[in-house]
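A.B. asks: Please find one structure pasted underneath; my questions will follow.
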Amino acid sequence: MGAFLARRLLNYAVLVFLATSFAYLLAAANLDPRGYFEKMQPPPTDAVVDARLDALNLNDRTPLVQRYATWLGGVAQGDFGKTIQGRDVTPQIWTKAGVTLRLVTVATVLGSAAGIAVGAYAAVRQYRRFDRISTAASFLVLSVPTVVIAIGVQVGAIALNDILGFQLLRFSGEYTAGFDGTGGELLLNRVHHALLPTFVLAVALFAAFARYQRNTMLDVLDADFVRTAMAKGLTRRKALIRHALRTALIPTATYFAFTFGVMVSGATFTEKIYGWHGMGAWLIDSISQHDVHVVAAVSCFMAVTIMAASLLSDLLYAWLDPRVRV
């Protein structure tokens with residue numbers, strides 16, 4: 001088991017390095033930091049622009065390989081460079097990563113748990129009313145992009161608040177601007193603001209897991225080991241939970257790593273729509289500002305989180321399937 005995890009960690013480290021390097025090279029080759037400064041009013045001279053770009057290691061007149069080597073040397077020491085405005089990137093990574101992880105982690109737990117439960121029960125109740133309703137709801141959600149769901153939920157919240165005459169649902173920012181309260185009150189205020197964006201992300205994940213878990217559960221319902229367990233005296237319910245569901249969760253654990261990548265990308269639009277200053281919103285802003293170092297830093301964060309999800313998937317797989325541990 002230890003050797004298995006060590007090999008996985010080594011593979012993930014290589015993949016994170018490659019993903020981050022490709023992101024930097026693509027951003028450095030295609031974004032235009034020079035244009036960002038030339039559009040300032042009044043426009044600075046070429047000498048001033050070059051000096052500024054050299055200080056930030058963003059000068060397009062410097063060979064790309066040289067810029068990459070300089071940037072990589074800084075990353076090796078934990079320094080992702082500076083933003084195009086001259087601020088350090090690394091401290092901002094931790095702040096914005098915390099925002100995104102709070103949102104994505106809660107949504108992942110809620111969405112995957114609900115999807116697995118609904119999908120498994122729908123398989124047991126195949127072709128009955130619950131199965132048909134859950135299937136229709138899942139396909140409806142899967143057919144609509146996350147950004148459309150986010151905007152639709154926001155519009156619905158505005159309409160509900162107007163009907164009630166007060167702001168029951170909050171849909172802008174991580175907390176109320178200028179809020180002055182105790183730690184517990186601030187926590188409740190943050191939870192209140194997190195309800196809608198968390199719901200949007202959880203719904204998208206719920207639909208994917210519900211469909212996938214239903215199919216995997218159907219594959220094992222009539223398996224020999226389930227019938228054998230019931231023949232030995234277990235009730236059908238216990239046999240389904242102890243044996244069928246656990247076996248059906250094995251491919252779902254592998255599927256988790258792929259859906260987490262979709263969740264992180266979906267959070268990009270959700271954060272922007274709901275005014276959360278996380279990694280997703282930071283990425284969109286940095287691309288519009290031709291901020292190469294931020295694009296690379298966000299890409300590294302996304303690669304690390306997806307690899308971490310993949311590692312968790314491996315651990316779940318090993319826990320569910322004893323053959324992997326052996």
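A.B. asks: In whole percent, and with a 1.4 Å probe on the protein chains, what portion of the accessible area of segment 100-320 is carbon and sulfur?
C.D. replies: Whole-percent figure for carbon plus sulfur exposure: 67.
A.B. asks: Right, here's the next one. On a full-extension model of 0.36 nm per residue, what is the gain between Ser172 and Arg125, subtracting their alpha-carbon distance, rounded to one decimal in nm?
C.D. replies: Length gained, Ser172 through Arg125: 12.9 nm.
A.B. asks: I would also like to ask the following. Using a Förster distance of 56 Å, how high is the FRET efficiency between Ala231 and Ile287, based on the Cβ-Cβ distance and rounded to 0.05?
C.D. replies: 0.40
A.B. asks: Moving on to the next point. Counting C-alpha atoms alone, how compact is segment 1-76: give Rg to one decimal and Dmax as a whole number, in angstrom.
C.D. replies: Using the Cα atoms of segment 1-76, the pair Rg, Dmax is 17.7, 62 Å.
A.B. asks: With unit charges on the beta carbons (Lys and Arg positive, Asp and Glu negative) and the dipole taken about the Cα centre of segment 205-271, which residue among Thr216, Phe260, Leu245 sits farthest to the positive side?
C.D. replies: Of the options given, the answer is Leu245.
A.B. asks: Can you sort Tyr68, Tyr121, Tyr317, Tyr274 by 1.4 Å-probe accessible area, starting with the largest?
C.D. replies: Largest accessible area first, the list is Tyr121, Tyr317, Tyr68, Tyr274.
A.B. asks: Taking the alpha-carbon centroid of each part, what is the distance from segment 1-65 to segment 212-235 in angstrom?
C.D. replies: Between the Cα centre of segment 1-65 and that of segment 212-235, the gap is 52 Å.
A.B. asks: Placing +1 on the Cβ of each Lys and Arg and -1 on the Cβ of each Asp and Glu in the chain, which of Tyr36, Thr90, Val226 has its Cα farthest towards the positive end of the resulting dipole?
C.D. replies: Val226
A.B. asks: In a GNM of the chain with a 10 Å cut-off on Cα contacts, which of Leu245, Leu234, Leu195 has the highest mean-square fluctuation?
C.D. replies: Leu234
A.B. asks: Here's a follow-up. Counting only the heavy atoms of the protein chains, how much of Lys96 is accessible to a 1.4 Å probe, in Å² to the nearest 10?
C.D. replies: 40
A.B. asks: Which value, to two decimals, describes the C-alpha radius of gyration of the chain once divided by 2.2 N^0.38 Å?
C.D. replies: That works out to 1.21 for the chain.
A.B. asks: Contact order normalised by length for the chain, with contacts defined as Cα pairs under 8 Å and 6 or more residues apart; what percent is it?
C.D. replies: 28
A.B. asks: Can you give the charge dipole size of the chain about its Cα centre, rounded to the nearest 20 debye, using +1 on the beta carbon of Lys and Arg and -1 on the beta carbon of Asp and Glu?
C.D. replies: Once rounded to the nearest 20, the dipole reads 1800 debye.
A.B. asks: Straight-line reach from Lys96: which lysines have a Cα under 30 Å away, not including same-chain ones fewer than 8 places off?
C.D. replies: Once the sequence-local lysines are set aside, what remains near Lys96 is Lys39, Lys82, Lys272.
A.B. asks: In whole angstrom, and with the biggest value first, how far do the Cα coordinates of segment 52-180 range along each principal axis?
C.D. replies: 65, 42, 26
A.B. asks: Please give the length that would be gained between Phe22 and Leu64 if that part of the chain were fully extended, namely 0.36 nm times their separation in residues minus their C-alpha to C-alpha distance (nm, one decimal).
C.D. replies: 13.9 nm
A.B. asks: Percent relative contact order of segment 44-107, based on C-alpha pairs within less than 8 angstrom and at least six residues apart?
C.D. replies: Rounded, it is 19 percent for segment 44-107.
A.B. asks: Ala308 to Val148: extension gain in nm, 0.36 nm per residue of separation minus the Cα-Cα distance?
C.D. replies: Roughly 54.8 nm would be gained on extension.
A.B. asks: Oh, and also: Please report the Cα spread of segment 234-312 along all three principal axes, rounded to whole Å, starting with the longest.
C.D. replies: Principal extents (largest minus smallest coordinate, Cα): 62, 25, 12 Å.
A.B. asks: Would you mind working out the accessible area per residue for segment 220-314, using a 1.4 Å probe, and quoting it in Å²?
C.D. replies: 44
A.B. asks: Just read off the accessible area of Thr176 with the full protein assembly in place, 1.4 Å probe, to the nearest 10 Å².
C.D. replies: Thr176 has an accessible surface of roughly 40 Å² with all protein chains in place.
A.B. asks: Sketch the reach of a paramagnetic label on Leu221 as a point 7 Å from Cα along Cα-to-Cβ, and name the residues of segment 105-135 whose backbone nitrogen lies under 15 Å away.
C.D. replies: Residues 117-135 qualify, since their backbone N sits under 15 Å from the label point.
A.B. asks: Tell me, what is the 1.4 Å probe accessible area of Ile273, in Å² to the nearest 10?
C.D. replies: Its accessible surface works out to 50 Å², give or take rounding.
A.B. asks: Give me the percent of accessible area attributable to carbon and sulfur for segment 1-76, probe 1.4 angstrom.
C.D. replies: Solvent-exposed carbon and sulfur of segment 1-76 make up 66 percent of the total.
A.B. asks: Something else about it: With every protein chain kept in the model, how would you rank Asp285, Asp222, Asp50 by accessible area, 1.4 Å probe, largest at the top?
C.D. replies: Asp222, Asp285, Asp50
A.B. asks: Once the Cβ-Cβ distance between Arg246 and Leu72 is put in as r, and R0 is 56 Å, what FRET efficiency do you end up with, to the nearest 0.05?
C.D. replies: Efficiency computed from Cβ-Cβ geometry: 0.80.
A.B. asks: Also, quick follow-up: Using only the heavy atoms of the protein chains and a 1.4 Å probe, how would Trp94, Trp319, Trp282 rank by accessible area, largest first?
C.D. replies: Trp94, Trp319, Trp282
A.B. asks: Using a 10 angstrom cutoff on alpha carbons, build the Gaussian network for the chain and name the most mobile of Ala19, Ala136, Ala123.
C.D. replies: Ala136
A.B. asks: Farthest toward the dipole's positive end in the chain, which of Ile158, Val118, Leu9, given Cβ charges of +1 (Lys, Arg) and -1 (Asp, Glu) about the Cα centre?
C.D. replies: Selected residue: Val118.
A.B. asks: Next question. Given only helices, namely DSSP H runs of n ≥ 4 each adding -39500 (n - 2.57), what is the per-residue ellipticity at 222 nm of the chain, to the nearest 500 deg cm²/dmol?
C.D. replies: -26000 deg cm²/dmol
The values are calculated or read from the model by the stated rules, or taken from the named source; none is laboratory data. Not measured: the values here are computed from a predicted model. A quick note on method: Cβ atoms are made from the backbone with ideal geometry, for glycine too, and the neighbour counts reach across all protein chains shown. With ligands, DNA and RNA removed, areas are computed over all heavy atoms of the protein, side chains included. Shrake-Rupley method; radii C 1.70, N 1.55, O 1.52, S 1.80 Å.
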